[in-house]
Amino acid sequence: MSRSKSQSPSNERDVPPPAPEPLPAPVADSHTHLDMQGRSTEESLRLAAAVNVTTLVQVGCDVRSSEWAVQQASAFPSIHATVALHPNEAPRLVLGDMDQWAGPDTHRAAGGTAALDAAFARIEELAADPAVVGIGETGLDYFRTGPDGVAAQQESFRRHIALAKRLGKALVIHDRDAHADVLRILAEEGAPERVVFHCFSGDAAMARTCAEAGYHLSFAGPVTFKANEELREALRATPRERVLVETDAPFLTPMPYRGRPNAPYLIPHTLRSMASTLAIDVKTLCETVDENTRRVFDLV
Ligand SMILES: [Zn+2]
Ligand SMILES: [Zn+2]
């Protein structure tokens, strides 16, 4: 008895949250990882469409997931792909695994710069596919990657910026604990015309800096967390025409289901919370966000 009681909370954490009330107008989940959500693509799309999340941007993090993203985007008209080596993947290719976070099935042996070159060459090939609407996620992550990996990470980021510019595609940025260096390197390289900061985590001042530079800011589940008033201030400081919404699923599940598995069909929680923060009606925010997503990724 006591045993099953103590087990139930941890089991509950694995239970997918129920579907929320559908949104009044279609929106896009601007950043998701369907390959990590344990459902078929058809089922993910069906659940999302039932709540008016009708477009998904499927994001690649390494060669394998980038190849998968292109396949899915080619097979399903409502999915669009981005391809890249994640900021934590680049140093792993060069230096090998620095910890076990990725699990044994994706173990990387130290391959030096040659491994980064080979993987990036494959990303360049994939990036040319018409189903690919963006280069990412790339950027910097100083939370997971220590000082040893910074050089490889920055070099990889610079190459991805150049690729986005060469192909005229959007650049999708992952920035974790690295705001100043991300902005500096973008300025040094010259940013592509269309840039998205995914899961924006800066403050209001940084939101203004990004908006002035013409970047788009995508908000995820953390904007619904009670403690994140600073992030809501950043949302209020962002011009409406620069705002996107995303899940980054299976991570960052919005309230009231924080800690349980995330998926695109949970976008309505984040979007409704954002509308309340901005004191605008939900339908208007849906329309604005959908238009912004289409413009920044050049979707038809
Ligand atoms: Zn990310
Ligand atoms: Zn992501």
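With outside any loop (DSSP other than H, G, I, E, B), over 28 Å from Arg194 (Cα atoms) and not aromatic (Phe, Trp, Tyr) as the only criterion, which of Arg46, Arg64, Arg108 stands out?
Among Arg46, Arg64, Arg108, only Arg46 is outside any loop (DSSP other than H, G, I, E, B), over 28 Å from Arg194 (Cα atoms) and not aromatic (Phe, Trp, Tyr).
When the range 199-220 is examined, which residues are found to be buried (at least 20 other Cβ atoms within 10 Å of the Cβ) and hydrophobic (A, V, I, L, M, F, W, C)?
Cys199, Phe200, Met206, Ala207, Cys210, Leu217, Phe219, Ala220
Name the single residue that is farthest from ligand 2 (Cβ to nearest atom) among those in the range 176-213 being among the acidic types (Asp, Glu) and over 17 Å from Arg159 (Cβ atoms).
Glu212
Are any residues in the range 11-36 more than 16 Å from ligand 1 (Cβ to nearest atom) and not aliphatic (A, V, I, L, M), and if so, which ones?
Hits for the range 11-36 are Asn11, Glu12, Arg13, Asp14, Pro16, Pro17, Pro18, Pro20, Glu21, Pro22, Pro24, Pro26.
Test Ile185 against the stated conditions and say whether it is crowded, with 23+ Cβ neighbours inside 10 Å, outside any loop (DSSP other than H, G, I, E, B), on the phi < 0 side of the Ramachandran plot and modelled with pLDDT of 95 or more.
No, not satisfied.
Quick test of your reading of the structure: Ala180 fulfils all but one of (1) buried (at least 20 other Cβ atoms within 10 Å of the Cβ); (2) farther than 26 Å from Pro264 by Cβ. Name the failing condition by number.
Result: Ala180 passes all but (1).
Checking Thr113 against (1) more than 21 Å from Phe200 (Cβ to Cβ); (2) more than 16 Å from ligand 1 (Cβ to nearest atom); (3) not in a helix (DSSP H, G or I), only one condition comes out false. Which one?
(3)
Give the residue that is most open to solvent (accessible area, probe 1.4 Å), with candidates limited to residues of the range 226-240 that are in contact with a helix residue (DSSP H, G or I) (Cβ under 6 Å, 6 or more places away or on another chain) and not hydrophobic (A, V, I, L, M, F, W, C).
Within the range 226-240, the match that is most open to solvent (accessible area, probe 1.4 Å) is Arg240.
State the number of residues belonging to the range 49-61 that are in a helix (DSSP H, G or I) and free of Cβ contacts under 8 Å to residues at least 40 places away in the same chain.
Here the count works out to 1.
Report, by residue number, each residue of the range 162-214 that is more than 22 Å from Ala128 (Cα to Cα), within 20 Å of the chain's Cα centre (by Cα) and basic (Lys, Arg).
Selection gives Arg176 alone.
Picking from Val150, Val196, Val223, Val172, which residue would you name as being β-branched (Val, Ile, Thr) and open to solvent by 10 Å² or more (accessible area, probe 1.4 Å)?
On inspection, the qualifying residue turns out to be Val150.
Within the set of pairs 6 or more residues apart or between chains, which connect a residue that is on the phi < 0 side of the Ramachandran plot and charged (D, E, K, R) inside the range 74-89 to a residue that is more than 11 Å from ligand 1 (Cβ to nearest atom) and open to solvent by 10 Å² or more (accessible area, probe 1.4 Å) with Cβ atoms less than 6 Å apart?
Glu89/Asp62
May I ask you to verify whether Thr247 is in a loop (DSSP other than H, G, I, E, B), buried (at least 20 other Cβ atoms within 10 Å of the Cβ) and touching a Lys or Arg at 6+ places or on another chain (Cβ under 8 Å)?
no
Would you please name the residue that is nearest to the chain's Cα centre (by Cα), looking only at residues in the range 229-257 that are in contact (Cβ under 8 Å) with a residue 24 or more places away in the chain and within 15 Å of Pro18 (Cβ to Cβ)?
Only one residue tops the list, namely Thr253.
Of the residues Ser44, Ser65, Ser40, which is small (Gly, Ala, Ser), within 16 Å of ligand 2 (Cβ to nearest atom), at pLDDT 95 or above and open to solvent by 10 Å² or more (accessible area, probe 1.4 Å)?
Criteria check complete, one pass: Ser65.
Every residue in the range 191-209 that is under 15 Å from Gly139 (Cα atoms) and either more than 16 Å from ligand 1 (Cβ to nearest atom) or touching a His at 6+ places or on another chain (Cβ under 6 Å) (or both), please.
Ala191, Pro192, Arg194, Val196, His198, Gly202
Hey, among the residues in the range 75-121 that are farther than 16 Å from Gly60 by Cβ and within 19 Å of the chain's Cα centre (by Cα), which one's modelled with the lowest pLDDT?
If we take residues in the range 75-121 being farther than 16 Å from Gly60 by Cβ and within 19 Å of the chain's Cα centre (by Cα), then Trp101 is modelled with the lowest pLDDT.
If you go through the range 162-175, how many residues are more than 16 Å from ligand 2 (Cβ to nearest atom) and aliphatic (A, V, I, L, M)?
Qualifying residue count for the region: 4.
The values are calculated or read from the model by the stated rules, or taken from the named source; none is laboratory data. The model shown is predicted, which means the values in this text are computed figures rather than measured ones. All Cβ positions, even for glycine, are placed from backbone atoms using ideal geometry, and neighbour counts span all protein chains on display. These accessible areas exclude ligands, DNA and RNA; they are computed on the full protein's heavy atoms, side chains included. Shrake-Rupley method; radii C 1.70, N 1.55, O 1.52, S 1.80 Å.
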